[in-house]
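Notes follow once the structure below has been shown.
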Amino acid sequence: MALRFGADVSTAETDYGTVLLDERSGSYWELNPTGTLVVSTLMAGGDEAAAAGALVAEFDVDPARADEDVAHLVAELRASGLAV
C-alpha cells in the first residue's frame, strides 16, 4: 500500500538519510538510508513488497529481514501518526 505523510509532517533530505518533523509535537525522526529508500518507494506508489525488494537490491539484505524491516517501519510511522 502506498504511503503518504500527514499534512503536519515536513521532510528534509540530508547526506545521511531523511529527517521528518512532526509539526504537531515538534518531534524529529531521522531515517537512515535504508529507511529513506523504503519511504521513497512507498511514497512513489510502491507497496511493501516493492520496498523490501528495493532494500534487497540496493543493500544486499536478506529478503525475509527486508520484509520484516519494512513492515516494522511502516507500522511505526502509522502508529506515530506521521503516515497514513
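Any read-out appearing in this document is the output of simple, stated calculations on the displayed coordinates, not a laboratory observation. Computed from a prediction, not measured in an experiment: that's the story for all the values here. Glycine gets a Cβ as well: all are built from the backbone with ideal geometry, and neighbour counts include every protein chain shown.
Kirkwood Rh over alpha-carbon pairs of region 9-79, then Stokes-Einstein at 4 °C and 1.567 mPa s: what D in µm² s⁻¹, rounded to an integer? Don't skip to the end; give the middle numbers.
Working: Rh = 12.4 Å.
D = 104 µm²/s.
Between 0 and 90 degrees, the angle of helix 63-79 with respect to the longest Cα principal axis of the chain falls at about 10 degrees. Over all other residues within a Cβ to Cβ distance under 12 Å of GLY81, the charged ones net out to -2, with Lys and Arg as +1 and Asp and Glu as -1.
With a simple spin-label model that places each label point 7 Å from the Cα along the Cα-to-Cβ direction, the separation between VAL84 and ARG24 comes to 1.0 nm.
A simple spin-label model places pseudo-atoms 7 Å from Cα toward Cβ; at GLU13 and ALA50 they are separated by 1.8 nm. Here the contact order of region 1-81, divided by its residue count and restricted to Cα pairs under 8 Å and six or more residues apart, works out to 23 percent.
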